[in-house]
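Undergrad: I have a structure here, written as structure tokens, and I will follow up with some questions on it.
The values are calculated or read from the model by the stated rules, or taken from the named source; none is laboratory data. Predicted model, so just to flag it, every value in this text is computed and none were measured. Don't worry about glycine lacking a Cβ; one is built from the backbone with ideal geometry, like all the others, and counts go over all protein chains shown. Only protein heavy atoms, including side chains, enter the accessible area calculation; ligands, DNA and RNA are left aside. Shrake-Rupley method; radii C 1.70, N 1.55, O 1.52, S 1.80 Å.
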Amino acid sequence: MRARRRRRPAEDAPSVIVVGAGFAGLAAVRALDRVGAKVTLIDKNVYSTFQPLLYQVATGGLNPGDVAYPVRAFTSKRATRFRLGELAGIEAESQKITLTDGTVLSYDYLVLATGVSAAYYGITGAAEHILGLYTRRDAIALRDHIMARLERLDVAGPGHSLNITVAGGGATGVEVAGALAELRTALATAFPEVSEADVHIRLIEMAPVLLAPFHPSLQSYAYRQLGRRGVEVLLNTKIREVTENRVLLESGQNMPSDVTVWAAGVTAPGAVAGWGLPQGHGGRLLVGPGLRVKGQDRIFAAGDVALSEDQPLAQLAQPAIQMGRHAGKEIARAIAGRPAEAFRYHDKGIMATIGRRSAVVQLAHGPRFRGTIAWLAWLALHLVTLLGGRNRLSALLNLSYRYLMWGHAGGVIVGDDPPAAALAAPLLQQPGSPGAA
Ligand SMILES: Cc1cc2nc3c(=O)[nH]c(=O)nc-3n(C[C@H](O)[C@H](O)[C@H](O)COP(=O)(O)OP(=O)(O)OC[C@H]3O[C@@H](n4cnc5c(N)ncnc54)[C@H](O)[C@@H]3O)c2cc1C
């Protein structure tokens, strides 16, 4: 069956460029569907990444393809052209953008929805030794790294340990730590020679609580649940330095860490500074009430990369979707000669999962859930919001397998050959074991 394509816009129709095919960029394109503009969607990847499930890829629960949706499958259903490319520069006066391959494109309206990347806040050694989790490549690298270290542990034998540190106790950090704890429960079939007790998972958070935006009862629930799953949680703890196999704290204490995962903060990528647009906290592009970049009439920003100082929003999927949709509608209004409208965020609530049958949900106006009900709500929402029926089906299958079969039927998704350096790196020898110093 052939997909129905919308009618092509007229040659002299206004041209709209949307940069970034994440939550915000796709929502902007959807909002422009019936406007009759020539819409071009640009992304440096040929797929749109569903970041909220990246940690499942990193811990062998999902295939990388489950969280990546081909952008052309999205644009081919509408009169939008997809162009693979990376935004390098913006000439606002002449309404042109330049891509890193030198291509120059003209626009009448431009939407910037390029997301963010890790912010290491000056931690020594972070860029070299910390593994991020912001892209599909990051998730694959982290998975291969963890698997390589488990292989190493398998070869090294009893008396050695693998130490994994997750930096950051927000939703991402809690989800990563919980998923690592679950991966540990699958060792009996995935790495039968490795003892669960030799894999240490530690979560470090500099605030006094986990999941800062949640109600205190949900914060302490998450803390207890991680503890029950064998994750050591250190609160009020700040990391000063990271080396290949250690994490050094502000307190002067240092601890072994063969794999250090970053989930502690984001910033606009350095390239954004070269676009000549006003930036606020965390390098985010400053936008006015209708999401136009400050001082610009034809450039909008939406999603994680945008910051409205009057209405600062968390860098989450819902704000990104709603901002992207609003930017698209603002452009439609401008093309139709209708007055601009201010963006208003409709808070639907927040959620985070800790692991099998354990999650926290906080709806916008009070109701709170935790445990199995919250976990089922988390599961359903993530499957519904994943793009593409095929991705939904494969994610449902893989997550069902993960949550129902792990521990007795194996099934951890393996990657490619582990990185040689990770395989060669020595593991900590436990005190008292034969050969230990
Ligand atoms: C591990 C993880 C877990 C998360 N979990 C949750 C969760 O459970 N719930 C939740 O609500 N939110 C979660 N988030 C946050 C949520 O994913 C983001 O808020 C959301 O993705 C932001 O959407 P966006 O469109 O602004 O940016 P992104 O989704 O990051 O999309 C940006 C797009 O721009 C492209 N791009 C970047 N730079 C360029 C360039 N120069 N040229 C061309 N293209 C470019 C990128 O390739 C990407 O496709 C999570 C984030 C991470 C990293």
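Undergrad: Determine, yes or no, whether Ala340 is closer than 19 Å to Leu381 by Cα and touching a helix residue (DSSP H, G or I) at 6+ places or on another chain (Cβ under 7 Å).
TA: no
Undergrad: Which of (1) more than 12 Å from the ligand (Cβ to nearest atom); (2) under 27 Å from Thr75 (Cα atoms); (3) crowded, with 20+ Cβ neighbours inside 10 Å does Gly388 not meet, given it meets every other one?
TA: Every listed condition holds for Gly388 apart from (3).
Undergrad: What number of residues within the range 12-71 are over 14 Å from Arg137 (Cα atoms), open to solvent by 10 Å² or more (accessible area, probe 1.4 Å), part of a loop (DSSP other than H, G, I, E, B) and not hydrophobic (A, V, I, L, M, F, W, C)?
TA: 6
Undergrad: Further, regarding this structure: Output the number of the condition that Val233 fails; it satisfies all remaining conditions of (1) assigned to a loop (DSSP other than H, G, I, E, B); (2) touching a residue at least 60 places away in the same chain (Cβ under 8 Å); (3) open to solvent by less than 70 Å² (accessible area, probe 1.4 Å).
TA: (1) is the only condition that Val233 fails.
Undergrad: Sticking with this structure for a sec: Of the numbered conditions (1) in contact with a Phe, Trp or Tyr (Cβ under 7 Å, 6 or more places away or on another chain); (2) among the small types (Gly, Ala, Ser); (3) on the phi < 0 side of the Ramachandran plot, Ala332 satisfies every one except a single condition; which is it?
TA: (1)
Undergrad: Ala139 is checked against (1) open to solvent by less than 10 Å² (accessible area, probe 1.4 Å); (2) in a loop (DSSP other than H, G, I, E, B) and fails just one. What number does that condition carry?
TA: In the conditions (1) open to solvent by less than 10 Å² (accessible area, probe 1.4 Å); (2) in a loop (DSSP other than H, G, I, E, B), Ala139 misses (2) alone.
Undergrad: Considering only residues that are in contact with a helix residue (DSSP H, G or I) (Cβ under 7 Å, 6 or more places away or on another chain) and open to solvent by 20 Å² or more (accessible area, probe 1.4 Å), which ones fall in the range 284-312?
TA: Matches in the range 284-312: Arg284, Asp304.
Undergrad: Also, quick follow-up: Show the residue pairs that are 6+ apart or on different chains and have beta-carbon atoms under 8 Å apart, the first residue being within the range 211-224 and farther than 12 Å from Ala359 by Cα and in contact (Cβ under 8 Å) with a residue 24 or more places away in the chain, the second being open to solvent by 20 Å² or more (accessible area, probe 1.4 Å) and part of a helix (DSSP H, G or I).
TA: Qualifying pairs under 8 Å: Ala212/Gln219.
Undergrad: Please work out which residue is surrounded by the most Cβ atoms within 10 Å (Cβ to Cβ), limiting yourself to the range 183-226 and to residues that are in a helix (DSSP H, G or I) and within 16 Å of the ligand (Cβ to nearest atom).
TA: Here the answer is Ala222.
Undergrad: Return the residue satisfying two criteria in turn: it lies in the range 83-106 and is within 10 Å of the ligand (Cβ to nearest atom) and open to solvent by 20 Å² or more (accessible area, probe 1.4 Å), and of such residues it is nearest to Ala332 (Cα to Cα).
TA: Per the criteria, the residue is Arg83.
Undergrad: Additional query: Have a look at Gly303, Gly328, Gly337 and point out the one that is in contact (Cβ under 8 Å) with a residue 12 or more places away in the chain and more than 11 Å from the ligand (Cβ to nearest atom).
TA: Going through Gly303, Gly328, Gly337 in turn, the sole match is Gly328.
Undergrad: So, in the range 75-107, exactly how many residues are under 22 Å from the mean Cα position of the chain (by Cα) and either of a type in the set (Ser, Thr, Tyr) or under 22 Å from Ile140 (Cβ atoms) (or both)?
TA: Counting residues in the range 75-107 that are under 22 Å from the mean Cα position of the chain (by Cα) and either of a type in the set (Ser, Thr, Tyr) or under 22 Å from Ile140 (Cβ atoms) (or both) gives 2.
Undergrad: Here's a follow-up. Any residue that is within 13 Å of the ligand (Cβ to nearest atom), open to solvent by 30 Å² or more (accessible area, probe 1.4 Å) and modelled with pLDDT of 95 or more - is there at least one of those in the range 107-115?
TA: Yes, the range 107-115 contains a residue that is within 13 Å of the ligand (Cβ to nearest atom), open to solvent by 30 Å² or more (accessible area, probe 1.4 Å) and modelled with pLDDT of 95 or more.
Undergrad: Keeping to the range 301-360, report how many residues are of a type outside the set (A, V, I, L, M), modelled with pLDDT of 95 or more and over 30 Å from Val176 (Cβ atoms).
TA: Count: 11.
Undergrad: Something else about it: Is there any pair linking a residue in the range 343-356 that is farther than 17 Å from Ala377 by Cα to one that is among the β-branched types (Val, Ile, Thr) and assigned to a strand (DSSP E or B), with Cβ under 9 Å and at least six apart or on different chains, and which?
TA: Phe343/Val287
Undergrad: Going through the range 6-48 one residue at a time, which ones are more than 12 Å from the ligand (Cβ to nearest atom), in contact with a helix residue (DSSP H, G or I) (Cβ under 6 Å, 6 or more places away or on another chain) and over 16 Å from Leu105 (Cβ atoms)?
TA: Hits for the range 6-48 are Ala31, Leu32, Val35.
Undergrad: Checking Arg240 against (1) touching an Asp or Glu at 6+ places or on another chain (Cβ under 7 Å); (2) open to solvent by less than 70 Å² (accessible area, probe 1.4 Å): exactly one of these is not met. Which one?
TA: Just one mismatch for Arg240, condition (2).
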